Amino acid sequence: MRTLILALSALALAGSAAFADPIADRQAIMKANGKAVGAIAPMVKGEKPFDAAVVLDALKTLSEDAQKIDVAALFPEGTDKGDTEASPKIWEDMAGFQAKVEKFRADTAAAVAAAPADLDALKVEFGKVAANCGGCHETFRIKKS
C-alpha cells in the first residue's frame, strides 16, 4: 500500500510539472527582483536612509532568485511567443544569455557575502548587480508598452 501511495504521489508531481508555465515562472522571478531592487535603489539615490537589514534581505532575494534562473527550463523553445518581454535574441544567443545569468549569480552572491554595512559599500556592490540587470535587459528584453 505504501508503495502505491508513493507511486501515485510521484505521478501527481510529474503531472503538475508538465503543466508548469515557464513564462509565468520567469515573470514571477523578475517581479521579485524588481521589488528587491526597489527596496535598495532609493537608498542608493539618497531618497531613503540606509538600512543594512533591508539591504541584506533584498540582496539575498536577488541572489536566491538568480539561482532559480534555469535557462533551459525557463526559456524553452517557443516561449518567446505570448505575454512575454523576452527578446528572440535569447534563443539566438543562448550561450551569451547563459553567461549573463551566471554573471548575475556570481555578482549577487558576492554582494550578499560582502554584506554592505554602509551606503558607500552598498553603492559598490549594488552597482555591479544593477549593471547586470541593465546589460541583460538591453540585449535580451523587449520592453512592451
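Tabulated data
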{"read-out": "Subset tally (residues that are free of Cβ contacts under 8 Å to residues at least 40 places away in the same chain and crowded, with 17+ Cβ neighbours inside 10 Å) for the stretch 79-102", "value": "2"}
{"read-out": "Only one of Leu56, Leu62 that is at pLDDT 95 or above, assigned to a helix (DSSP H, G or I) and in contact with a Pro (Cβ under 9 Å, 6 or more places away or on another chain)", "value": "Leu56"}
{"read-out": "Residue that is nearest to Phe104 (Cα to Cα) [pool: residues in the stretch 30-40 that are in contact (Cβ under 8 Å) with a residue 24 or more places away in the chain and surrounded by fewer than 17 Cβ atoms within 10 Å (Cβ to Cβ)]", "value": "Ala32"}
{"read-out": "Among the candidates Gly134, Gly96, residue that is part of a helix (DSSP H, G or I), small (Gly, Ala, Ser), within 14 Å of the chain's Cα centre (by Cα) and more than 14 Å from Arg26 (Cβ to Cβ)", "value": "Gly134"}
{"read-out": "Contacts under 6 angstrom Cβ, first residue in the stretch 124-145 being farther than 18 Å from Met43 by Cα and modelled with pLDDT under 90, partner of a type in the set (D, E, K, R) and not in a helix (DSSP H, G or I), 6 or more apart", "value": "Lys144/Glu85"}
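The values are calculated or read from the model by the stated rules, or taken from the named source; none is laboratory data. Because the structure is a prediction, the values reported are computed rather than measured. Heads up, the Cβs are rebuilt from the backbone with ideal geometry, glycines too, and the neighbour counts pull from every protein chain shown.
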